[in-house]
Amino acid sequence: MSFAKAQDLVRLARLAATRRTGISLDEICEEFGVSHRTAQRMTDALETIFTNVDALDGPDRRRRWRVADPKLERLQPRLETAVEALEIAGRTARSDGRLRHAAALDDLRDGLLARLTPRDARRTEADVEAVLLAMGSVTRPGPRVNLAPAVLDAVIEGLRGPFRLRLRYRSEDSPERIIEPHGLLLGHRSYLVARQPARGEDILNFRMDQILSAQTLDESFTLKPGFSLEEYAAQSFGVYQDPAQYDEVIWRFSPHAAARAAEFCFHPRQVAEMQEDGGLIVRFHAAGWLEMAWHLYQWGDAVEVIAPEGLRTLVENHRRSDFDSLP
């Protein structure tokens, strides 16, 4: 057995031991990037080399492999990547104002380091710091709106319940609102997705940076039947929604910009069509013309809005030919 295959087998054994329900062939394919046949060979090797391997069929009729062997805890792989991931996630949460999440991630990171010998812990911390210093993305360059940690904590607590929230929105002298939080959309502007019973059953967006205060109430509620945050988010281009603007969006990128545009995912449900002249047409359904216009401006005159007409009119006089590069 090659060294790489031995590493994979040890990792598979740990996954089968640490996952409560074990691991299936499909999950092995996804975790290791292998074919179904290779995954079968890996489970054969697992049963041959390790003791206490149970192969059981679950309620979904899929076989799952579970290793019940506490000795596997002694097989400790190097943790640099895991510590890096937790550190990056913690710094991102802290910069977003999600201090509760940042503290939880820091605790997980410290727990991993505590399992190492002092020498290995120092080496891991040094390696992780070197990687983080080289990753400009950790500092999250560019403008962003700061969120109040106390407001964000209250919103997260409300989502967890779910519990109603009492908000002071936009100005200190505005009346307080009682809302029912359904989700949180994070972006260059973050929005709380919620229902305000006093205004009916419609789902509304509240800008997080304009929530001046928020208090979690000891009042639970029932989420809107059939509501899906994923489906709701897919109706918009960015994070803001205007139902009146929801329509098919069609953009045509010129031949010299087509290859670059093909690298973008403008919308999770987009359809891209290469044209005979080398151009590219992208279609999707969404609302939010203003955020679309902000993005389209970066492409200068390399993109044409075919539909909807309202968006076409909005951007037509702002297409420039003197941009030196594409996004």
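The values are calculated or read from the model by the stated rules, or taken from the named source; none is laboratory data. No experiment lies behind these values; they were computed from the predicted model shown. Glycine gets a Cβ as well: all are built from the backbone with ideal geometry, and neighbour counts include every protein chain shown.
One residue stands out in the stretch 266-301 among those that are among the charged types (D, E, K, R) and more than 30 Å from the chain's Cα centre (by Cα): the one that is surrounded by the most Cβ atoms within 10 Å (Cβ to Cβ), namely Asp301.
In the stretch 209-301, counting only strands (runs of 3 or more DSSP E) that sit wholly within it, the ones holding 1 or more residues that are out of contact with any His (no Cβ under 9 Å at 6 or more places or on another chain), assigned by TED's automatic domain parsing to the domain that holds Asp173 and of a type in the set (Gly, Ala, Ser) span 211-220.
A search for C-beta distances below 7 Å between a residue of the stretch 261-290 that is under 24 Å from Gly310 (Cβ atoms) and of a type in the set (Phe, Trp, Tyr) and any residue that is at pLDDT 90 or above and in a loop (DSSP other than H, G, I, E, B), counting only pairs 6+ apart in sequence or on different chains, returns Phe284/Phe266; Phe284/His267; Phe284/Arg269; Phe284/Gln270. Condition test on Arg166, is it in contact (Cβ under 8 Å) with a residue 12 or more places away in the chain, closer than 22 Å to Asp218 by Cα and assigned by TED's automatic domain parsing to the domain that holds Phe227? It is true that Arg166 is in contact (Cβ under 8 Å) with a residue 12 or more places away in the chain, closer than 22 Å to Asp218 by Cα and assigned by TED's automatic domain parsing to the domain that holds Phe227. For the structure I just gave you, tell me whether Leu204 is outside any loop (DSSP other than H, G, I, E, B), among the hydrophobic types (A, V, I, L, M, F, W, C) and either modelled with pLDDT under 85 or touching a helix residue (DSSP H, G or I) at 6+ places or on another chain (Cβ under 7 Å) (or both). It is false that Leu204 is outside any loop (DSSP other than H, G, I, E, B), among the hydrophobic types (A, V, I, L, M, F, W, C) and either modelled with pLDDT under 85 or touching a helix residue (DSSP H, G or I) at 6+ places or on another chain (Cβ under 7 Å) (or both).
Out of Glu263, Glu316, Glu304, one residue alone is of a type in the set (D, E, K, R) and surrounded by 16 or more Cβ atoms within 10 Å (Cβ to Cβ). It is Glu304.
Residues in the stretch 35-61 that are farther than 15 Å from Ala6 by Cα, under 31 Å from the mean Cα position of the chain (by Cα) and either of a type in the set (Val, Ile, Thr) or modelled with pLDDT under 85 (or both): Gly58, Pro59, Asp60, Arg61. Applying the condition of being of a type in the set (D, E, K, R) and within 16 Å of Ala45 (Cβ to Cβ) to the stretch 10-28 and asking which residue is modelled with the lowest pLDDT yields Arg14. Is there a residue being modelled with pLDDT under 95 and among the hydroxyl-bearing types (Ser, Thr, Tyr) anywhere in the stretch 237-260? Checked against the condition, which is being modelled with pLDDT under 95 and among the hydroxyl-bearing types (Ser, Thr, Tyr), the stretch 237-260 yields at least one hit. Scanning the stretch 12-30 for residues that are assigned to a helix (DSSP H, G or I) and surrounded by 15 or more Cβ atoms within 10 Å (Cβ to Cβ) gives Leu12, Ala13, Arg14, Leu15, Ala16, Ala17, Leu25, Glu27, Ile28, Cys29.
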